[in-house]
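Working notes, beginning with the structure itself.
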Amino acid sequence: MGAIRGVRRWRHSPLWRATDRHEAWVTLGAVVLLAVGAPAAGWAAGALADASLQREVKAQHAERRATPATVVGGPPGARRFTGDPDVTSGRTVVAAWRAPDGTPRTGEVTVVSGSGVPGSPVRIWTDRAGVPVPPPMAPGTARTHAVLGGIGAFLLAAGCVEAGRRLIVGRLVRARYARWDRAWADAGADWGRAGTGSGEPEPYGGR
């Protein structure tokens, strides 16, 4: 509203130029886009990302299953698979479990530190073939990623609007300076002689 009042207040000023009018409208348009367009872009991007991630979460939960396993050893090898999805830190052990068809399987999984004693039960995630896989993404985690994506889209849109405004205003300012230079060049030949008439000047000390 302040920008609109400013445009109305100055539009009838004798100092008001076309470039000033264009610059005011560009600034007003940028303010509207920053206040409405950028948040709308962020919300739309976040909503689309959330819908896509939630579908992925459902697909992962449908394809992966929590499987009970038993620790059978603790090799020094590198980690391959993630066990309990609530685990934030752990160590790799060799565990035995059964695939959905009843086939016995053995492999390396990650378990909670201190719970990898041989013979202790652990929980792992497997796919439909009984192969260990990472745990499915939690809905809350997916929503957090979507929110961050929406914020990123908002910031990107706002940055584009501001960059566009600066680019257009910069061109308007350069055009204004160019006109000033031409006006000064045109006035330079007659500088100081405007309104003197066409007659010869009188000698100093005339009547």
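Other residues lying with their Cβ under 14 Å from the Cβ of Asp101 contribute a combined charge of +3, Lys and Arg counting +1, Asp and Glu -1. Remark on Arg105: its backbone amide H falls under 5 Å from those of Trp97, Arg98, Ala99, a criterion applied only to residues 5 or more positions apart or on other chains, H modelled at 1.01 Å from N. A simple rule links phi to the HN-Hα coupling: the Karplus curve 6.51 cos²θ - 1.76 cosθ + 1.60 with θ = phi - 60°, which for segment 100-106 gives x, 8, x, 5, x, 10, 9 Hz, with x for Gly and Pro.
Only the coordinates and a few stated rules stand behind these numbers; no lab work does. Please read these numbers as outputs of a predicted model, since none were measured by experiment. A quick note on method: Cβ atoms are made from the backbone with ideal geometry, for glycine too, and the neighbour counts reach across all protein chains shown.
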